[in-house]
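One structure is given here, and the rest of the page talks about it.
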Protein chains: 2
Amino acid sequence: MSRTPLHPTREQIELPMVLDCLSDPIRLAIVYQLAQQERVSNELRCGDFNGLAGKSNLAYHFAKLRECGLMQTRIVGTSRLMRLRREDLDARFPGLLDAVINSAAKDADRLQPLSACDVVEAD
Amino acid sequence: MSRTPLHPTREQIELPMVLDCLSDPIRLAIVYQLAQQERVSNELRCGDFNGLAGKSNLAYHFAKLRECGLMQTRIVGTSRLMRLRREDLDARFPGLLDAVINSAAKDADRLQPLSACDVVEAD
DNA sequence: CCCTATGTTCAATGTTTATTGAACTATTGA
DNA sequence: TCAATAGTTCAATAAACATTGAACATAGGG
């Protein structure tokens with residue numbers, strides 16, 4: 001089922017849901033990593049976040065991030081590629097995403113899962 | 001007890017707690033109203049929010065807003081005056097508060113308790 | 001066709017959260 | 001001193017949330 005996960009349209013993205021999504025340290029770390037990647041390939045695989053939590057827990061957080069409109073997933077072969085929905089978010093809530101990401105960067109050493117981000121390499 | 005409610009210091013304000021606090025529609029409406037008031041008296045009484053929820057429920061949300069560093073309360077006679085901790089928030093998370101408030105203003109008609117804000121007058 | 005790698009879904013658990021009304025505290029004013 | 005006003009605290013409840021492991025689905029490589 002759910003060959004292509006459903007995402008809200010731009011207009012369906014709601015502020016409280018976005019803030020709630022970003023308030024979880026693990027999801028904040030995911031968004032942060034996706035933002036770092038924006039200058040490079042724009043996309044990351046689920047497996048790139050294995051350092052943050054167990055697989056099923058990550059899938060749960062991915063679903064929330066998708067449902068609230070923060071990121072988009074597309075399926076390529078056996079893996080999922082995800083990217084931030086920056087254009088939609090910037091259109092709906094100008095400056096919000098950058099403020100959150102910059103704040104997270106400033107506090108990187110305090111935010112637990114985020115400070116563990118350097119250790120993305122597994123095995 | 002708690003003659004003067006305890007507030008975190010500027011440095012103790014944490015990003016996830018702030019985002020979580022702002023993700024609740026009632027608390028977002030409170031912060032929004034406080035922000036509107038910034039150009040005027042800077043402070044509002046608890047009673048000014050009676051349109052948003054019951055008294056005890058409001059007290060619960062006020063406590064959360066205080067504990068996460070979003071607002072400050074001082075006691076004057078029989079009432080409490082509360083204001084946004086804008087300087088601290090802007091110092092810790094530049095641009096965040098404004099982005100949230102502007103986004104809330106844009107979506108004012110969608111955010112339930114916020115659109116009921118005009119009806120602050122009670123009796 | 002089977003095996004492996006990548007993720008998701010499901011069920012179960014324990015925790016946190018929002019909401020309510022009743023009881024309580026403290027201050028003001030008659 | 002008594003009553004009214006302004007808010008908080010407490011206990012109880014129901015809903016939402018995060019986390020875990022096991023089972024499942026899908027694609028690709030031998």
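Values in this text are rule-based calculations from the coordinates and carry no lab data. For clarity, every value in this text was computed on a predicted model and none was experimentally measured. Please note: Cβ atoms are built from the backbone with ideal geometry, for glycine as well, and neighbour counts cover all protein chains shown.
A few remarks follow.
- The residues A:K106, B:K64, when put in order of fewest to most other Cβ atoms within 10 Å, stand as A:K106, B:K64.
- Label 7 Å beyond Cα on the Cβ vector: A:S41 copy-to-copy distances, nm: 5.8
- Charged-residue dipole, Cβ positions (Lys, Arg, Asp, Glu), segment B:19-115 about Cα centre, Debye nearest 20: 300 debye
- Counting every other Cβ atom within 10 Å of each residue's Cβ, B:R27, B:R80 order from fewest to most as B:R80, B:R27.
- Net +/- balance of residues flanking A:L58 in space, Cβ distance below 13 Å, scoring K and R +1, D and E -1: +4
- Cα centroid separation, segment A:1-62 to segment B:65-104: 28 Å.
- Count Lys and Arg as plus one, Asp and Glu as minus one, and take only other residues whose Cβ is under 10 Å from that of B:C46; the net charge is then +2.
- Comparing A:P113, A:P25, A:P16 in a Gaussian network model of chain A, where Cα atoms under 10 Å apart are tied by springs, the biggest mean-square fluctuation is seen for A:P16.
- Backbone phi angles across segment B:73-80, fed through the Karplus curve with coefficients 6.51, -1.76 and 1.60 (θ = phi - 60°), yield HN-Hα couplings of 10, 10, 9, 10, x, 8, 10, 10 Hz in residue order; Gly and Pro are listed as x.
- A label point on A:K106, set 7 Å along the Cα-to-Cβ line, lies at 2.1 nm from each of its counterparts in the other copies, closest listed first.
- Note on chain A: GNM, Cα springs under 10 Å; of A:L22, A:L96, A:L84, the largest mean-square fluctuation is that of A:L96.
- The 3J(HN,Hα) values that the Karplus relation (6.51, -1.76, 1.60; θ = phi - 60°) gives for segment B:45-50 are, in residue order, 8, 3, x, 5, 10, 4 Hz. Gly and Pro appear as x.
- The protein assembly as shown - charge dipole about Cα centre, Lys and Arg +1 at Cβ, Asp and Glu -1, debye rounded to 20: 280 debye
- Rg and Dmax [Cα atoms of segment A:4-97; Å; Rg one decimal, Dmax integer]: 12.3, 35
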